[in-house]
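First up is the structure itself, then whatever we jot down about it.
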Amino acid sequence: YKGDVTPYLDAIADSSLLFTNLYAVGTRTIYGLEAVTLGAPPKPGQSVVKRPNNENMFSVGQLFKERGYDLKYIYGGYGYFDNMNHYFSNNGYQIVDRSDLKEDEITFKNAWGVCDQDLFNRTLKECDKSFAEGKPFLNHLMTTSNHRPFTYPDGVIDIPSHTTRVGGVKYCDFAIGEFMQKASEKPWFKNTVFVIVADHCAGSAGQAELPFMEYQIPFMIYNPGLVRPQQIGKLCSQIDVAPTLLGVMNWSYQTKFFGKDIVKMIPEEERAFISNYQKLGYVKNDRLSILSPQQKITHYKIDFKSGEMKVEAADPEIEKEAIIYYQSANYVYKNKLNKWD
């Protein structure tokens with residue numbers, strides 16, 4: 001973005017493993033949480049986070065827990081919202097949400113929860129606690145400032161609170177920068193990998209078709225001493241976040257992820273998944289195939305620069321891939337084949 005809205009993220013982007021062509025799977029937070037934890041394409045209808053039988057699933061968290069990591073989901077609001085507490089607590093995570101914060105830890109709050117600075121300050125305490133106990137840790141944080149009414153502490157940034165989404169974004173960026181500065185002074189910093197990824201974009205909800213450009217989101221992996229800076233423009237998906245992190249860490253593991261390590265991804269494997277509540281999109285090469293109710297399939301030729309979409313005849317191979325991916329993901333979930341063994 002050309003404006004001065006995310007100065008901190010812009011500053012560390014050149015020092016990060018930065019993925020410039022990654023797409024969110026859906027239009028709501030819980031679809032993003034599902035994608036980055038389970039590494040699987042979305043299903044039509046409700047996210048797995050809110051569905052029954054979402055306990056003890058094969059997830060990135062379970063892989064870390066198996067290796068003795070402290071595993072925590074840290075959220076500034078009340079985690080019963082959207083069934084997040086049930087989902088994470090039944091998949092190995094300890095919950096730390098607003099109800100766990102003491103009054104002296106809360107400097108600002110709104111309907112969504114405490115401000116991002118309070119969230120990050122509590123996260124530092126959780127990291128310190130795990131480190132003091134000699135345990136490695138995986139903390140999954142969820143920020144809340146980029147939601148209406150876009151309120152945050154006064155005087156922190158140069159955009160007044162309660163005005164625009166841009167203010168919410170800039171405040172989140174400020175809070176991340178402050179967190180990183182404090183973290184850099186900790187004894188655990190040099191051995192900690194930081195993953196920054198969005199849950200979804202602001203402009204993708206409520207549209208009849210799937211405007212693929214609106215699903216593009218940032219994803220970076222950062223640690224100046226551990227991760228070699230690089231920009232990767234491969235077409236990829238939110239479901240690839242976990243396998244890519246594990247690849248950066250050079251872990252060997254048996255997997256049930258549909259996602260792939262983006263760094264090692266070959267051109268034929270590049271693709272993205274996008275969806276709304278009813279429609280499932282599959283992006284490959286310059287084509288977008290959309291699966292809709294009543295077995296309707298629409299095909300578009302797309303322009304990644306302009307966002308233009310033109311109805312096009314089907315590419316049989318891409319259509320088949322789209323059906324296989326989505327139907328397989330749904331079959332695996334329905335038949336409980338993605339449980340943690």
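The values are calculated or read from the model by the stated rules, or taken from the named source; none is laboratory data. Predicted model only: the values in this text are computed from it and were never measured. FYI the Cβ positions are ideal-geometry reconstructions off the backbone, even for glycines, and counts take in every protein chain you see. When the accessible area is computed, the model is the full protein with side chains, heavy atoms only, and any ligands, DNA or RNA have been set aside. Shrake-Rupley method; radii C 1.70, N 1.55, O 1.52, S 1.80 Å.
What to note about this one:
- Residue count for segment 63-73, restricted to those that are within 17 Å of the chain's Cα centre (by Cα) and either small (G, A, S) or under 20 Å from S47 (Cα atoms) (or both): 1.
- Members of segment 123-149 that are in contact with a His (Cβ under 9 Å, 6 or more places away or on another chain) and modelled with pLDDT of 95 or more: none
- Each residue in segment 158-191 was checked for being of a type outside the set (F, W, Y) and either open to solvent by 30 Å² or more (accessible area, probe 1.4 Å) or part of a loop (DSSP other than H, G, I, E, B) (or both), and 19 of them qualify.
- For segment 141-157, taking the residues that are in contact (Cβ under 8 Å) with a residue 60 or more places away in the chain and open to solvent by less than 40 Å² (accessible area, probe 1.4 Å), the one that is farthest from C172 (Cα to Cα) is identified as M142.
- For S237, the conditions (1) open to solvent by 20 Å² or more (accessible area, probe 1.4 Å); (2) of a type in the set (G, A, S); (3) within 29 Å of Q62 (Cβ to Cβ); (4) in contact with a strand residue (DSSP E or B) (Cβ under 6 Å, 6 or more places away or on another chain) all hold with the exception of (1).
Matching residues to (1) open to solvent by 60 Å² or more (accessible area, probe 1.4 Å); (2) farther than 26 Å from K234 by Cβ; (3) touching a Ser or Thr at 6+ places or on another chain (Cβ under 9 Å):
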{"site": "D10", "(1), (2), (3)": "yes, no, no"}
{"site": "T27", "(1), (2), (3)": "no, no, yes"}
{"site": "P42", "(1), (2), (3)": "no, no, yes"}
{"site": "Y73", "(1), (2), (3)": "no, yes, yes"}
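Results for (1) of a type in the set (A, V, I, L, M, F, W, C); (2) under 16 Å from the mean Cα position of the chain (by Cα), shown as yes or no for each residue.
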residue	(1), (2)
P136	no, no
P149	no, no
I159	yes, no
A198	yes, yes
E209	no, no
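- Of residues in segment 1-31 being hydrophobic (A, V, I, L, M, F, W, C) and in contact with a Phe, Trp or Tyr (Cβ under 7 Å, 6 or more places away or on another chain), the one farthest from P224 (Cα to Cα): V25
- All strands (runs of 3 or more DSSP E) inside segment 228-341 with 2 or more residues being closer than 26 Å to N54 by Cβ and in contact with a Ser or Thr (Cβ under 9 Å, 6 or more places away or on another chain): 272-275, 280-284, 287-292
- The criterion of at least 1 residues that are in contact with a His (Cβ under 8 Å, 6 or more places away or on another chain) and closer than 16 Å to A242 by Cα is met by the following strands (runs of 3 or more DSSP E) wholly inside segment 7-122: 70-75.
- You will find that of S130, S99, the residue that is among the polar types (S, T, N, Q), over 18 Å from the mean Cα position of the chain (by Cα), open to solvent by less than 50 Å² (accessible area, probe 1.4 Å) and under 30 Å from F58 (Cα atoms) is S130 and no other.
- Residue that is at pLDDT 95 or above and not hydroxyl-bearing (S, T, Y), where the choices are G225, G233, G203: G233
- Residue under evaluation N90, criteria (1) free of Cβ contacts under 8 Å to residues at least 40 places away in the same chain; (2) over 17 Å from the mean Cα position of the chain (by Cα); (3) open to solvent by less than 10 Å² (accessible area, probe 1.4 Å), criterion not met: (3)
- Where a residue in segment 204-221 is farther than 19 Å from P243 by Cβ and open to solvent by 60 Å² or more (accessible area, probe 1.4 Å) and its partner, wherever it lies, is polar (S, T, N, Q) and modelled with pLDDT under 90, with Cβ under 7 Å and at least six apart: E214/S204
- When D116 is tested against (1) without any contact (Cβ under 8 Å) to a residue 60 or more places away in the chain; (2) of a type in the set (D, E); (3) buried (at least 19 other Cβ atoms within 10 Å of the Cβ), just one condition goes unmet, and that condition is (1).
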